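What follows is a set of notes on a single structure, which appears directly below.
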Amino acid sequence: MEFEKQLEEWMKLDYVLPEDLPNIELYMDQVTTFLEEQLKNTKRFEEDKIFTKTMINNYTKNHLLPPSNKKKYSRNHMILLIYIYYLKNFLSISDIKNLLDPLNEHFDDQDSNNSFYTIYNEIFKLEHDNTAIRDSIADVFHKSEATFAELKESKEKEQLQQFAFITLLGYDIYLRKQVIEKMIDELYQPESNNKAEKKKKK
């Protein structure tokens with residue numbers, strides 16, 4: 001039970017509520033300040049930056065983010081930056097671009113059923129019902145506790161069990177990342193690559 005309580009604390013991360021997203025255009029400094037405040041508890045080290053001007057400019061240069069409108073950023077820009085923030089932890093820039101490209105095609109659409117805000121709100125509900133993820137991590141913890149059963153209770157045994165727990169979680173992350181990359185490769189290949197593949201088959 002002690003671990004479950006600790007896990008609950010570890011999983012209490014900051015996130016941006018859909019209703020907290022500003023529905024007015026902001027300048028770069030206002031964007032970085034807002035996201036820094038909203039996501040500050042997701043940082044591993046206090047000196048880490050959520051976003052810098054250089055980062056945001058690079059995302060624009062790499063076509064992950066549409067250009068600002070006279071140096072102002074909309075709510076849609078903010079939503080894209082939030083996705084980039086989480087995805088960059090385990091995906092390459094090119095993979096993130098491929099994943100976001102279909103979304104960016106509708107960047108200026110105001111259709112209420114497919115607006116960026118509606119999509120963000122829908123996915124937000126799914127992401128923050130994390131009971132299944134919490135239970136899965138707890139299950140891995142209990143499995144690792146059962147390892148090295150032949151050893152007497154000692155600091156060494158505890159360290160080995162912690163090592164087993166961390167490596168099992170790491171393998172889980174690795175497999176999930178592999179699945180994500182394969183899906184991006186199959187679903188979000190640039191059109192030129194798809195045409196090249198079709199020519200090869202002929």
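Near ASN89, once Lys and Arg are set to +1 and Asp and Glu to -1 for all other residues with Cβ below 13 Å from its Cβ, the sum equals +3. Measure up LYS143/LYS177; LYS71/LYS177; LYS71/LYS97; LYS72/LYS182 against 32 Å on the Cα-Cα distance and list the ones that go over. In this structure, LYS71/LYS177; LYS72/LYS182 lie more than 32 Å apart at Cα.
Distances between placed amide hydrogens fall under 5 Å for LYS72 paired with no residue 5 or more residues away or on another chain.
Carbon and sulfur together cover what percent of the accessible area of segment 133-180 at a 1.4 Å probe radius? Ligands and nucleic acids excluded, carbon and sulfur reach 62 percent. Rg over Rh for the chain works out to 1.05, using Cα positions for both radii and the Kirkwood form for Rh.
For LEU169, neighbours were defined as the other residues whose beta-carbon sits under 15 Å from its Cβ, and their charges (Lys and Arg +1, Asp and Glu -1) total 0. Within the accessible surface of segment 9-88, defined with a 1.4 Å probe on protein heavy atoms only, the carbon and sulfur portion equals 50 percent.
Would you work out the relative contact order for the chain, in percent, from Cα pairs under 8 angstrom that are 6 or more residues apart?
20
If the cut-off is 17 Å between C-alpha atoms, which aspartates and glutamates fall inside it for LYS40, apart from same-chain ones fewer than 8 positions away? Hits, sequence-local ones excluded: GLU9, ASP14, ASP20, ASP29, ASP48.
Could you compute Rg(Cα) / (2.2 N^0.38 Å) for segment 3-93, with N its residue count? Rg over 2.2 N^0.38 Å, computed on Cα atoms: 1.16. Accessible area per residue for segment 77-178 is 65 Å², calculated with a 1.4 Å probe on protein heavy atoms, without ligands, DNA or RNA. For the chain, adding -39500 (n - 2.57) for each run of n ≥ 4 DSSP H residues and dividing by the number of residues yields -20000 deg cm²/dmol at 222 nm.
The values are calculated or read from the model by the stated rules, or taken from the named source; none is laboratory data. Because the structure is predicted, anything quoted here is derived from the model rather than measured. Cβ atoms come from the backbone with ideal geometry, glycine included; neighbour counts cover every protein chain shown. In case anyone asks, the SASA skips ligands and DNA or RNA and just uses the protein heavy atoms, side chains included. Shrake-Rupley method; radii C 1.70, N 1.55, O 1.52, S 1.80 Å.
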